[in-house]
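A quick write-up on the structure given underneath.
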Amino acid sequence: MLPIILGGMAVLGAGYVAKRIYEDNQYEIDEKIEEGLETIQEWFEAKTEALDNYSFSIKKEEDKYQVEEEINLDNLQHMKKKVYHDSFVDFISLYEKIENVDLGKLEYQEIDFNSKTYGQEIYDEMAQHNIKVTTDLLFKANNLLGDIVMHIDEIIKQETNYEKFRIKEKELLKEAFSLARFIQKVCINDSVTEDIVVKFNNIISSIQEDK
């Protein structure tokens, strides 16, 4: 029993001493506690601000890429409009002057290039790649078809009957017809699939190799 009593007295004595120490140093102890709480609060606010800045930075980058992707799409639409109303229209006008030729059906169609029916897929990495490549291919196709149109124009100044064309002249007209038809397909089609890109590139490459 005596040890228990002595133990209890020791605890009470320790509590009394701790109380006296706190009372004698209350101001300093409270000040240190307050400083500690302020430090924790500052740390928390700093971490919160850093997290907010990080989130804002990510959102800013996403917005930046989205703007770039939409610019790429605008460039494609602009190039479609330019090519369609440039070399394609010139070829159609020229083709109608040639007699006894039937390479297939190809006629001018009205296209609303201001209408964008692309969805969220344009923000896909592969779609963006196809958009950029298609824009470049349209630029090449426009120059290529324009050169062929000028050459054929010189031919029909001498002869408008396709049946009397030389073999090379017939082949040139066939290539121009194939290119013009695919240009129209690209301009009408909202799709920017890899399949279309590959076929378009093959047509252009084939004509360039024959020149």
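Provide a single number: the residues in the range 186-202 that are part of a helix (DSSP H, G or I) and touching a helix residue (DSSP H, G or I) at 6+ places or on another chain (Cβ under 8 Å). Walk me through how you get there before you give the answer.
Filtering the range 186-202 for residues part of a helix (DSSP H, G or I) gives 186-188, 194-202.
Filter once more, so that each one left must be touching a helix residue (DSSP H, G or I) at 6+ places or on another chain (Cβ under 8 Å): 186-187, 194, 196-197, 199-201.
Of the residues in that region, 8 qualify.
Does Ser93 fit the bill of being surrounded by 14 or more Cβ atoms within 10 Å (Cβ to Cβ) and assigned to a helix (DSSP H, G or I)?
For Ser93, the condition - surrounded by 14 or more Cβ atoms within 10 Å (Cβ to Cβ) and assigned to a helix (DSSP H, G or I) - is not met.
Look at the range 168-195 and say how many of its residues are of a type in the set (A, V, I, L, M, F, W, C) and open to solvent by 20 Å² or more (accessible area, probe 1.4 Å).
Count: 4.
Do the conditions hold for Ser205, that is, is it closer than 30 Å to Glu69 by Cβ, of a type in the set (Gly, Ala, Ser) and not in a helix (DSSP H, G or I)?
On the way: closer than 30 Å to Glu69 by Cβ: yes; of a type in the set (Gly, Ala, Ser): yes; not in a helix (DSSP H, G or I): no.
No: the conditions fail for Ser205.
The values are calculated or read from the model by the stated rules, or taken from the named source; none is laboratory data. Model, not experiment: these values are computed from the prediction. For neighbour counting, all protein chains shown are included, and Cβ atoms are generated from backbone atoms with ideal geometry for every residue, glycine included. Calculation scope for accessible area: heavy atoms of the full protein, side chains included, ligands and nucleic acids excluded. Shrake-Rupley method; radii C 1.70, N 1.55, O 1.52, S 1.80 Å.
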